[in-house]
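Report on one structure; see the data block that follows.
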Amino acid sequence: MTVLDPELAATIDAYRTCEFATLGRDGGPLPWPTAVRRRADGTLLVTTSLAFAQKALNVRRDGRVALLFSDPTGSGLDGAPQVFIGGTAVCPEEIVTSAAGLEDYWTMLFERQPDSRKYVAPPARWLMDWYYMRLLITVTPAQVIVRPPLAPAEGEGGSVAGDDLPGAALLARFPSAVLGARDPSGAPVLLRTRPEPTGGGFAVDVPPDCEVAAGPAALLVHRHDDRLANMRNALVRGELRPEGGRWVLVPGKVVEPAGSGGPGDVVRTLRDARRATRSYLRRRGLPRPRVRWDEFKRLAAAAEG
């Protein structure tokens, strides 16, 4: 396991979110933003609710994962470096509905995302119990690469050529995106870049420290405010190809999941989350687990204080 030096560890701890990539059924990388907690033993903890269990299922199929700390919003860091971590992950079948042993993780969430505290009390908790039914993903770092921050852009992104490409209008609303690709061994890699629309896709700059291979890839865009609210995230999936000395992602489809901040998103998120949770439990013949609300309420109250 690669051990982080204290200064780099402190930088990672300050980041509110990171991009976390698993490998889908087709072997393509699927990066999404998530919260991470660094553990004393050097591993990294990622959790996901049963409603969004796909990353856990991916890890159980193929444990190769990647993380990129590249959006320092809310961290208080000035000129924060980007930190790429490649490694392997495991995700047991156990469904965790207690805060016991995870006090640091939940305290971090309640402090950094104040809106989440309201989910532990009625009436919100009657609809949000799925949020506290968690699967634990433990990442063991094997590779660490530090990159300088992406140079500031003048205003937000904008495209002229390629406006008719899938995802062009979406990417134009963000100053940069995170490319999720595969290295020659098939392991996921992540890098922050500024996609440039071309006639048939989006050209991306790949730094010398990142070796990529042709194949399925994706561009992730996401944002949040300093309190981890007003979130928006979406994925442009396609094929990464070498063209004219550059790499170009040829888009195929745009994925905007529940929770991405679109119109009517609250109702849709609750409906889809509860349906997905029921499906996860039903397929495994499991009863709906009981959430230890007393433990979460205590931590939420302490964070508020």
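Every read-out reported here was derived from the displayed coordinates using simple, explicitly stated rules and does not represent laboratory data. Only a predicted model underlies this, so the values are computations on that prediction, with no experimental measurement involved. So basically every Cβ, Gly included, is an ideal-geometry build from the backbone, and we count neighbours across all protein chains shown.
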ask   = What does the charge dipole of region 6-278 about its Cα centre add up to, to the nearest 20 debye, if the Cβ of each Lys and Arg holds +1 and the Cβ of each Asp and Glu holds -1?
value = 920
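Quick check: residue separation of Leu8 and Ala214 times 0.36 nm, minus the Cα distance between them. What number comes out in nm?
Extra length available between Leu8 and Ala214 comes to 71.0 nm.
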Using θ = phi - 60° and Karplus 6.51 cos²θ - 1.76 cosθ + 1.60, couplings along region 70-78 (whole Hz; Gly, Pro as x) = 9, 10, x, 3, x, 7, x, 7, 10
task = Starting from the Cα-Cα distance between Thr88 and Leu57, subtract it from 0.36 nm times their residue separation and give me the gain in nm to one decimal.
result = 9.8 nm
message = If the reach is capped at under 22 angstrom between alpha carbons, list the lysines near Lys253, excluding any in the same chain fewer than eight residues apart.
response = Lys55
task = Enumerate the lysines that Lys118 could reach by cross-link, defined here as Cα to Cα under 19 Å, with residues fewer than 8 away along the same chain left out.
result = Lys297
message = Once you place label points 7 Å from the Cα toward the Cβ at Asp163 and Leu286, how far apart are they in nm?
response = 4.8
Arg147-Val250 pseudo-label distance in nm [points 7 Å out on the Cα-to-Cβ vector] = 2.4
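Once you mark the GluC sites (Glu not before Pro) that are in a DSSP loop and have at most 13 other Cβ atoms within 10 Å, what is the longest gap between them in the chain?
Details: sites that count: Glu93, Glu94, Glu154, Glu156, Glu211.
So the longest stretch without any such site is 212-305.
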key: Cα centroid separation, region 175-250 to region 42-88 (Å)   = 16
key: Given the chain, longest segment not containing exposed loop trypsin sites (Lys or Arg not before Pro) (DSSP; at most 16 other Cβ within 10 Å)   = 40-172
remark   = The local net charge around Ser75, scoring Lys/Arg +1 and Asp/Glu -1 for residues other than Ser75 whose Cβ lies under 12 Å from its Cβ, equals -2
note = Length gained, Arg241-Arg298, 0.36 nm per residue minus C-alpha separation, equals 15.4 nm
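Mean Kyte-Doolittle hydropathy of -1.0 or higher plus an axial Cα length of 30 Å or more: which whole DSSP H helices in the chain meet both?
None clear 30 Å together with a mean of -1.0.
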